[in-house]
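The values are calculated or read from the model by the stated rules, or taken from the named source; none is laboratory data. Remember, predicted model here, so these are calculated numbers, not experimental data. Cβ placement follows ideal geometry from the backbone for every residue including glycine, while neighbour counts extend to all protein chains displayed.
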Amino acid sequence: MLKFYKKFIIGILISFSLFALNLFLLSIKNVSTDVIITTRALSIVIGGIYFTIIISDGVREALERKPTKSTAVVIVPNIVKYLGYILVFIGVLAVFGVTSAEALAGGTFAGLVLGLALQPVLENFFAGILIITTGFVSIGDHIRILNSQIPYMPANLPPYKFFSREYIEQGLEGTVAEIDLFYSRLILENGREFRIPNSLLLKSSVVDYTSKLSKKLYVSIRVEFPLDKVDLNSLLEEVKEELKDFEIEEGPYLSEQSDKENVIVSLRIVTDVDNWKKAKSEALKRLLLLRSRIIKAVTINKT
């Protein structure tokens, strides 16, 4: 990717080329006025849009270098971009000799027509403004989008996939990478980029896994123990002793039977949001090792 100053130099060269083209057309006697005006308007469009894009990108890169990122990373570059587009539009009108009164009258009529024709586009535009200004979601948030218009649902089989789940959150999970005025970008867990229209995002329920209000997460764990190998009177105390390093929020309980030959021990531990998978893995490993030791001890005693 070219650095900002290199892009700026390229923009200067493009501007000089367009300026030279306009001077060349002016020097030719047989060229009509319409051609000259059209060429001048195209020059403003090409040069204006190019500089608008590189300046907004430069502002974005400068803001992203700051250690503390905020909504300014999204708001300021977008303001620069759309102000640039407005200036280009005004410049083109000036070239064609459109007065302010004519522009206002034409803009009113065009606004009504375009407002009806571009209703979905405008809906995304204003939804983007609301998302950015209210902080509905922010860049860097790890979220899950829940919406009936997104065709995602949990697999029905095999049921053991959701053995320890108290509830299943359907939808898309990912990290917010960018919020534009028309759509937002999410990087999904598999690394793919998902682009969602802002109007759909604003209408969705969002689960924020990086909430600023809650730093704790409650994780459920369930493990089967064979009924013919365990002492039900002491099993729960053994589980507590095995997990004495964890903060147990609820349980352990003998929650239910499985196939009439096993009893399921369930509990909930408290962990921080960032390391809950590691904590659940460690707690589950300890309980599986406990089960293995119990089974091995009973087998040795019987032999």
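Structure values in brief
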| quantity | calculated |
| --- | --- |
| Top-ranked residue of region 245-274 - restricted to ones that are in contact with a strand residue (DSSP E or B) (Cβ under 8 Å, 6 or more places away or on another chain) and assigned to a loop (DSSP other than H, G, I, E, B), ranked as surrounded by the most Cβ atoms within 10 Å (Cβ to Cβ) | 246 |
| Every residue from region 1-43 that is part of a helix (DSSP H, G or I), hydroxyl-bearing (Ser, Thr, Tyr) and modelled with pLDDT under 80 | 5, 27, 33 |
| Given (1) under 19 Å from the mean Cα position of the chain (by Cα); (2) over 16 Å from residue 141 (Cα atoms), index of the condition residue 211 fails | (2) |
| Residue within region 194-202 that is outside the structural domain of residue 172 (by TED's automatic domain parsing) and either assigned to a strand (DSSP E or B) or buried (at least 18 other Cβ atoms within 10 Å of the Cβ) (or both) present | no |
| Qualifying positions in region 186-231 - without any contact (Cβ under 8 Å) to a residue 40 or more places away in the chain and of a type in the set (Gly, Ala, Ser) | 191 |
| Single unsatisfied condition, residue 190 versus (1) exposed (fewer than 15 other Cβ atoms within 10 Å of the Cβ); (2) in a helix (DSSP H, G or I); (3) not small (Gly, Ala, Ser) | (2) |
| Meets criteria (charged (D, E, K, R), part of a helix (DSSP H, G or I), touching a residue at least 24 places away in the same chain (Cβ under 8 Å) and more than 13 Å from residue 235 (Cα to Cα)) for residue 280 | yes |
| Of residues in region 275-301 being at pLDDT 85 or above and in contact with a Leu (Cβ under 7 Å, 6 or more places away or on another chain), the one surrounded by the fewest Cβ atoms within 10 Å (Cβ to Cβ) | 286 |
| Helices (runs of 4 or more DSSP H) (entirely within region 46-145) containing at least 2 residues that are at pLDDT 80 or above | 72-95, 119-134 |
